[in-house]
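Worksheet: one structure, shown below.
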Amino acid sequence: TVTRREEYRAPDWMVPEITLDFDLGAEATRVRATLTVERNGPHDRPLRLDGEGLAPERVLIDGEASDAWRMDGGTLEIALAGERHEIGTEVVIAPERNTQLMGLYASGGILCTQCEAEGFRRITFFPDRPDVLSRYRVTMTADKARYPVLLANGDPVASGDAEDGRHWAKWHDPFPKPSYLFALVAGDLAANRDTFTTRSGRTVDLAIWVRERDLPRTDHALRALKTAMTWDEQTYGREYDLDVFNIVAVDDFNFGAMENKGLNIFNSRYILADPDTATDHDYDGIAGVVAHEYFHNWSGNRVTCRDWFQLSLKEGFTVFRDQSFSADQGSHAVKRIEDVRTLRAAQFPEDAGPLAHPVRPDSYQEISNFYTATIYNKGAELIRMMATILGEEKFRRATDLYFDRFDGTAATCEDFVTCMEEAGEVDLIPFRRWYSQAGTPRVTATVRHEPGSARALVKLSQRVPPTPGQPAKQPMVLPLRLKLFGAETGQELAPEELVLLSDEHAEIAFEGVTERPVLSINRGFSAPVIVETNRTAADLAFLSAHDDDPFARYEAMQQLMLDTLVAGVTHGRADHADVVEAVRHTLADETLDPAFIAEAVLLPSESFVGDQMEVVDPDTIHRARETLRRDLGRMLEGEWRRAYERSRANRFEYSPAAKGARRLKSVALGYIDASGAPDAASLAFVQFEHADNMTDRQGALTTLAGGTSKEWVAALDIFYNRYSDNALVLDKWFSTQALSSRDDAAEQVEELARHRDFTLANPNRARALIGAFSVNQRAFHHPSGRGYRFLADQLIALDKLNPQTAAKLLPPLGRWRRFDQKRARMMREQLQRILATPGLSKDMFEQASKSLE
Ligand code: ARG
Ligand code: ZN
């Protein structure tokens, strides 16, 4: 069954109050709910309460046991005569047997919940939709020894002991909220505590709850939380609104984390860190996700979504907010490069494939399938474009207006854009197409110089490709920051301009251009588009050395590398000299931040090269890229060794400068290895053995993973034994092998799936092996088709346990159109095999059937 945006109707019944009583146990939990329901407008429709896998043991209407109800599928339907009633229900659920990790479930002995998007209906009967906002009162009773800590949303009200070694706690959340924000946790947990005083003087008790032995690894997350709270006050004027803020980390979680009001629940990988077990990337991820969930308190909770088609209203905006936060903690340029890399790796392929959908979709079968890079990351780019168009000051006025006007309500993307228009005094009517049209726009930009009249003409044109269900598109509004440089003098010929390209074609004239101009365009990646230009290798090399926008500099280098790689793939060989010289120049530039250098000199991934090709040939791409890597390694071996030495040693510190040094060190080590230097493996092994932090250790391991050296075998073993009791680090052990560029990587992965530490029951472990493998382009697309078969086998097995996590891992199989006939046929066969599986979930059905279309 398909849900359509156009068919939205306001709820028939509102639920201003709900009281929940949980008698908690892992095997059985009894849930008694009392809902105050109010008829919403004149109608004679019954009350319909969603339920999934629930059987009502009792139904009470206004306090009396009643049988004026019936089950319609999973839905509990109750005929009501009056305007306002009190409805009681009682059900028993089994958290321990909940392998889907939606609703109430057990993770390592902790009872916890995940309700977004539609998990609350697996806990109790309720109108489980985001536009029904209620005040929650919750009572929890549980065995005191097994579950000494009892947490729920809002503020704690009272607690005490009960009979038979049990105890209880009552919580009250004063803010009306949709059911997807409900949460509770019961477990044997210890807290890392602190306080935060808000700008207006409220003292908030902060706590991060984990198992006792994990406490030493929670300081970074707690620090990040406080930094995020201050940042949101300063940047958006948003303050926290309860007396407590609790975060709980659990090991089994379907995604990163969840913004439940006052009680965020996290995948432990986004909380736990210390230098010995977490990389810089992990540290950054933790700060980013902690901030993201905290920021949701305003963009998501205080103002929530009217329906799930509006998901990007909270997710796109909140991703934009967490990106800006992270940028402010370090280098804006490096953060922008990382975000664009993520967009290109995850969202562009989605937009170009069978699962493409607009940022505000028109229909879905299973909403869980729409927690995508398009909703999150492209959604964030839409907010960024509006911020660019409005400018900083007006953008802040617009967000103030939005928070003020829609506080306590369930809003739409349209509401947000209207605030941008009003406060920004701009017309965003054509801009709205970004919400409704899928596909990545392609921009062609050419410069023509007329030396006689000292004019330069920049010609722009755009095309939005067709996507499923959208064969023809209208032009988009593209904010393009651009600038011209003089090829001889290196001087800027005119100040930067912000061009709003809103038609299919446009032409911009620059006067007084007396030397040949070089075009710098989409600076800062001001629009999420693909740009094609008539710039030569020399132009790109020039920009990579002289552009004053760091992102544009990075981009010029990437384009130069990409052009070279594509030439290598199509012609069997390519001239590497321009890339080598550009990299040499960048490495030698002492004014540059090492973190930036590390990003700039890294070659585009094999998949990104594949994305440029009509038909992807994974083996040829791999060879072309390895050849370029080897040449860069050899021709610049001295430079790499100097960069490596410069960034070496120094005791571990988590600061932008220290991170940058570590990043450049790993990149340099990779190139030394690529050069074929005989001492590379031992250099990596020494780094592996002596590292005082996981970034260096993992960096060395990744370098070794490309080969078959005895050092690789030894390091893998040492790593496993050292960390065998740390699940998050073991995940790295699995994913490093799954990402290896060795020829036998596909076989290795099959073997790893039989390893005693591999399990599909834990989403992190499943993603570490299966998810990592399927982005290893050459291994996954092994000519035998074994990669496809392996993925399908795993997905079929995982779907029986956890359909949401399984369905998320399916998209790589859907890219068959881009491969040669033989591979395409084998990929389709696996999709068909998945579809033919009896009892397939609707999550998988939607993904697999759309992928075949
Ligand atoms: N709202 C959460 C976050 O982005 C993620 C929830 C994901 N839910 C899902 N059904 N996939 O912070
Ligand atoms: Zn979010």
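Can you tell me which residue is surrounded by the most Cβ atoms within 10 Å (Cβ to Cβ) among those in the range 251-278 that are away from ligand 1 (no atom under 14 Å from the Cβ) and among the polar types (S, T, N, Q)?
So the residue we want is SER268.
Give the residues of the range 548-581 that are of a type in the set (A, V, I, L, M), out of contact with any strand residue (DSSP E or B) (no Cβ under 6 Å at 6 or more places or on another chain) and over 23 Å from THR703 (Cβ atoms), sorted by residue number.
Hits for the range 548-581 are ALA556, LEU560, LEU562, VAL566, ALA567, VAL569, ALA574, ALA577.
Restricting to the range 100-141, name every residue that is of a type in the set (A, V, I, L, M, F, W, C), closer than 21 Å to LEU76 by Cα and within 16 Å of ligand 1 (Cβ to nearest atom).
Across the range 100-141, the qualifying residues are MET102, LEU104, CYS115, ALA117, PHE120, ILE123.
Give the number of residues within the range 346-379 that are crowded, with 19+ Cβ neighbours inside 10 Å, charged (D, E, K, R) and over 22 Å from PHE608 (Cβ atoms).
Selection size over the range 346-379: 2.
In the range 436-489, which residues are β-branched (Val, Ile, Thr), touching a Phe, Trp or Tyr at 6+ places or on another chain (Cβ under 8 Å) and closer than 12 Å to PHE510 by Cα? So that I can check it myself, show each step before the final result.
Just the residues of the range 436-489 that are β-branched (Val, Ile, Thr), to begin with: 440, 443-444, 446-447, 458, 464, 467, 477, 489.
Keeping just the survivors that are touching a Phe, Trp or Tyr at 6+ places or on another chain (Cβ under 8 Å) gives 440, 458, 477.
Correct list: VAL458 only.
Report yes if some residue within the range 638-655 is assigned to a helix (DSSP H, G or I), among the acidic types (Asp, Glu) and either surrounded by fewer than 21 Cβ atoms within 10 Å (Cβ to Cβ) or within 32 Å of the chain's Cα centre (by Cα) (or both); otherwise report no.
Checked against the condition, which is being assigned to a helix (DSSP H, G or I), among the acidic types (Asp, Glu) and either surrounded by fewer than 21 Cβ atoms within 10 Å (Cβ to Cβ) or within 32 Å of the chain's Cα centre (by Cα) (or both), the range 638-655 yields at least one hit.
Pull out all pairs, ordered by first then second residue, where Cβ-Cβ is under 8 Å, the residues are six or more apart or on different chains, the first lies in the range 786-804 and is closer than 16 Å to THR759 by Cα and of a type in the set (D, E, K, R), and the second is part of a loop (DSSP other than H, G, I, E, B) and within 16 Å of ligand 1 (Cβ to nearest atom).
ASP799/SER841
Identify the single condition in (1) of a type in the set (Ser, Thr, Tyr); (2) over 27 Å from the mean Cα position of the chain (by Cα); (3) closer than 16 Å to ALA445 by Cβ that SER526 does not satisfy, given that it satisfies every other one.
(2)
Restricting attention to the range 425-481, which residues are surrounded by fewer than 17 Cβ atoms within 10 Å (Cβ to Cβ) and farther than 19 Å from SER502 by Cα?
Correct list: ARG448, GLU450, PRO451, GLY452, SER453, ALA454, ARG455, PRO468, GLY469, PRO471.
What helices (runs of 4 or more DSSP H), lying completely within the range 287-376, carry at least 3 residues that are within 16 Å of ligand 2 (Cβ to nearest atom)?
The qualifying helices (runs of 4 or more DSSP H) are 311-329.
Under 9 Å between Cβ atoms, at least 6 apart or on separate chains: pull out the pairs that start in the range 144-167 with a residue that is in contact (Cβ under 8 Å) with a residue 24 or more places away in the chain and under 21 Å from CYS115 (Cα atoms) and end on any residue that is among the aromatic types (Phe, Trp, Tyr) and in a loop (DSSP other than H, G, I, E, B).
Qualifying pairs under 9 Å: ALA152/PHE182; ASN153/PHE182.
Does the range 468-477 contain any residue that is closer than 19 Å to VAL447 by Cβ and in contact (Cβ under 8 Å) with a residue 40 or more places away in the chain?
No: zero hits.
For residues in the range 251-285 being assigned to a helix (DSSP H, G or I) and of a type in the set (D, E, K, R), which is farthest from ligand 2 (Cβ to nearest atom)? I'd like the intermediate steps shown before the answer.
Quick first cut of the range 251-285, residues assigned to a helix (DSSP H, G or I) only: 268-270, 280-285.
Imposing the further condition that a residue be of a type in the set (D, E, K, R) reduces the set to 269, 280, 282, 284.
Numbers: ARG269: 16, ASP280: 23, ASP282: 19, ASP284: 17 Å.
Across the range 251-285, the extreme among qualifying residues is ASP280.
Okay, residues lined up against (1) within 28 Å of the chain's Cα centre (by Cα); (2) part of a loop (DSSP other than H, G, I, E, B); (3) crowded, with 16+ Cβ neighbours inside 10 Å:
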position: LYS170; (1), (2), (3): no, no, yes
position: TYR180; (1), (2), (3): yes, no, yes
position: VAL185; (1), (2), (3): yes, no, yes
position: SER200; (1), (2), (3): no, yes, no
position: LEU206; (1), (2), (3): yes, no, yes
position: ASP214; (1), (2), (3): yes, no, yes
position: THR230; (1), (2), (3): yes, no, no
position: LEU242; (1), (2), (3): yes, yes, yes
position: ALA249; (1), (2), (3): yes, no, yes
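Residue by residue through the range 392-408, note down the ones that are out of contact with any Lys or Arg (no Cβ under 8 Å at 6 or more places or on another chain) and surrounded by 14 or more Cβ atoms within 10 Å (Cβ to Cβ).
Step one: list which residues in the range 392-408 are out of contact with any Lys or Arg (no Cβ under 8 Å at 6 or more places or on another chain), which gives 392-402, 404-406.
Hits for the range 392-408 are LYS394, PHE395, ARG396, ARG397, ALA398, THR399, ASP400, LEU401, TYR402, ARG405, PHE406.
Could you please find all residues in the range 418-444 being aliphatic (A, V, I, L, M), within 23 Å of LEU311 (Cβ to Cβ) and not in a helix (DSSP H, G or I)? Write out each step before concluding.
We begin by selecting, within the range 418-444, every residue aliphatic (A, V, I, L, M); these are 420, 423, 426, 428-429, 438, 443.
Imposing the further condition that a residue be within 23 Å of LEU311 (Cβ to Cβ) reduces the set to 420, 428-429, 438.
Scanning the range 418-444 gives LEU428, ILE429, ALA438.
Please work out which one of (1) within 16 Å of ligand 1 (Cβ to nearest atom); (2) among the aliphatic types (A, V, I, L, M); (3) surrounded by fewer than 20 Cβ atoms within 10 Å (Cβ to Cβ) is the condition ILE389 fails and give its number.
(1)
Among the residues in the range 681-693, are any in contact with a helix residue (DSSP H, G or I) (Cβ under 8 Å, 6 or more places away or on another chain), over 30 Å from GLN804 (Cα atoms), without any contact (Cβ under 8 Å) to a residue 40 or more places away in the chain and part of a loop (DSSP other than H, G, I, E, B)?
For the range 681-693, residues in contact with a helix residue (DSSP H, G or I) (Cβ under 8 Å, 6 or more places away or on another chain), over 30 Å from GLN804 (Cα atoms), without any contact (Cβ under 8 Å) to a residue 40 or more places away in the chain and part of a loop (DSSP other than H, G, I, E, B): present.
Given the range 735-851, what helices (runs of 4 or more DSSP H) lie entirely inside it while holding 3 or more residues that are under 30 Å from GLU118 (Cα atoms)?
Qualifying helices (runs of 4 or more DSSP H): 763-766, 772-775, 786-801, 803-808, 821-835.
Looking at the range 577-598, is at least one residue surrounded by fewer than 19 Cβ atoms within 10 Å (Cβ to Cβ), free of Cβ contacts under 8 Å to residues at least 40 places away in the same chain and part of a helix (DSSP H, G or I)?
yes
Being without any contact (Cβ under 8 Å) to a residue 12 or more places away in the chain, closer than 30 Å to SER607 by Cβ and assigned to a helix (DSSP H, G or I) is the requirement here; does ALA567 meet it?
yes
Coordinate-derived values only; no laboratory data. What you see is a predicted model, and the numbers here were worked out from it, not measured in a lab. Methodologically, a virtual Cβ is constructed for each residue, glycine included, from the backbone with ideal geometry; neighbour enumeration extends over all protein chains shown.
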